[in-house]
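See structure below.
Bear in mind these aren't lab numbers, they're just calculated from the coordinates by the rules spelled out. Keep in mind it's a predicted model, so treat the numbers as computed, not measured. Neighbour counts are summed over all protein chains in view; Cβ atoms, including those assigned to glycine, are modelled from backbone coordinates with ideal geometry.
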Amino acid sequence: MSTATEAGQPPPAAPGEGSPIRGRSVRAGDRWFRTLTRACGILVLLIMASIGVFLVWKAVPALRVNSVNFFTYGKWFPDPAETGQKPAFGIAALAFGTLMTAVLAMLMAVPVGYGIALFIAQYAPRRLAGPLAFVVDLLAAVPSIIFGLWGLEFLMPRSVGLMQWLSDHLGWIPLFKNDLGVYTRSIAIASIVLAIMILPTVSAISREVFIQTPSGHIEAALALGATRWEMVRTAVIPFSRGGMISAAMLGLGRALGETIAVALVLSATYTINWHITEPGGNTFAANIANRWNEAGVVGLGALIASGLVLFIITLVVNMAARLIIERRREFSGAN
């Protein structure tokens, strides 16, 4: 039997091999793509570094004239015209309000977001899962000013009864105690608005991670007699843990940096008050938005200095989340 080689024709190319010209073009494309992606990564790092340098450059002059401890002082009078004295400003109250509202929002939004994501990915019928996922994604696109107006005009008047109930029945806990008898413009209401805002972010990202769980893991758990919840607990959650942490951290990042919605529903007072049902509190972003137009030269530097602290806090939170994800990569169940 004659073959292609005996007929004087070249042997057929092995699977995956192309012509020399095509091979060179593919390799050149890979090199260009690798160079482009590397340049994009370096560009992102340079942009972040430039932002940090800009914040430090603008904040140092104000920090030099500050007459009090920047980290522990709880007042905010950076412009001499406000007090007739040396500039005095600190971030203690702002840091407290920012972290308190963000943590409370996370406590409310993350469990609910995970639950919605699990229902859409593992429990809901296909006819319901699609429209429900679309609604959740659409909620993430609502501007923050809309949430702020909704919280101011709708949520705040209707939450007075809840805040009063918390104070009357759980007032023995300092967190819910209210000695003023006023239940509006509080950290609790701001936290509820933030929780609703970050809920679609947490839910949408978690849902995509849950859907990517290998079907073999799910089928193996069900074949061994596991219930639906046991399958989720032993197959879906271990595989998706890194993505769940990422979703929570993205939600936390939005909660830390939210501006207009918080400024509308939170009373701008520079006090550290552990009674979350009482009026008062402030955050970095809301303080910058409220004070920017009326600030003088020193005041602008002080606001930028507070923005620098928020920038550092956000970086630390994301770095911590990245470390947690890296440590749990081996336990993801993907291998």
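Some notes on this structure:
- Residues whose amide H falls under 5 Å from that of PHE89, counting only those 5 or more places apart or on a different chain, are SER67, VAL68, PHE77, with hydrogens built in the peptide plane.
- Calculated P(r) tail over 36 Å for the chain, as whole % of Cα pairs: 40 percent
- Computed label-point distance, nm, for sites ILE42 and ILE324 using a 7 Å Cα→Cβ extension: 3.4 nm
- Cα-based shape type of the range 50-206, given that a ≥ b ≥ c are square roots of the gyration tensor eigenvalues and the cut on a/c is 1.5: oblate
- In the chain, taking the dipole from charged Cβ atoms about the Cα centre, the farthest positive-side position among THR37, ILE146, ALA121 is held by THR37.
- Helices assigned as whole DSSP H runs in the chain whose Cα atoms extend at least 27 Å along their own long axis and whose mean Kyte-Doolittle hydropathy is 1.0 or higher are found at 92-118, 187-211, 297-327.
- In nm, spacing of pseudo-spin labels at TRP57 and ALA226 (7 Å Cα→C-beta vector): 5.4 nm
- Estimated [θ] at 222 nm from DSSP helical runs (n ≥ 4, -39500 (n - 2.57)) normalised by residues in the chain, nearest 500: -21500 deg cm²/dmol
- Relative protection proxy for 109-116, 122-129, from highest mean packing down: 109-116, 122-129 (other beta-carbon atoms within 10 angstrom).
- For a straight C-alpha distance cut-off of 20 angstrom, the lysines reachable from LYS86 (same-chain residues fewer than eight places away being disregarded) are LYS58, LYS75.
- Exposed GluC sites (Glu not before Pro) absent - longest run of the chain, DSSP non-H/G/I/E/B, at most 11 other C-beta within 10 Å: 18-293
- Between VAL112 and THR314, full extension at 0.36 nm per residue minus the direct alpha carbon distance yields a gain of 70.4 nm.
- Net dipole in debye of the chain [+1 Lys, Arg Cβ; -1 Asp, Glu Cβ; about Cα centre; nearest 20]: 640 debye
- Charge dipole (the chain, unit charges on Cβ, about Cα centre) - positive-most of THR98, PRO157, LEU315: LEU315
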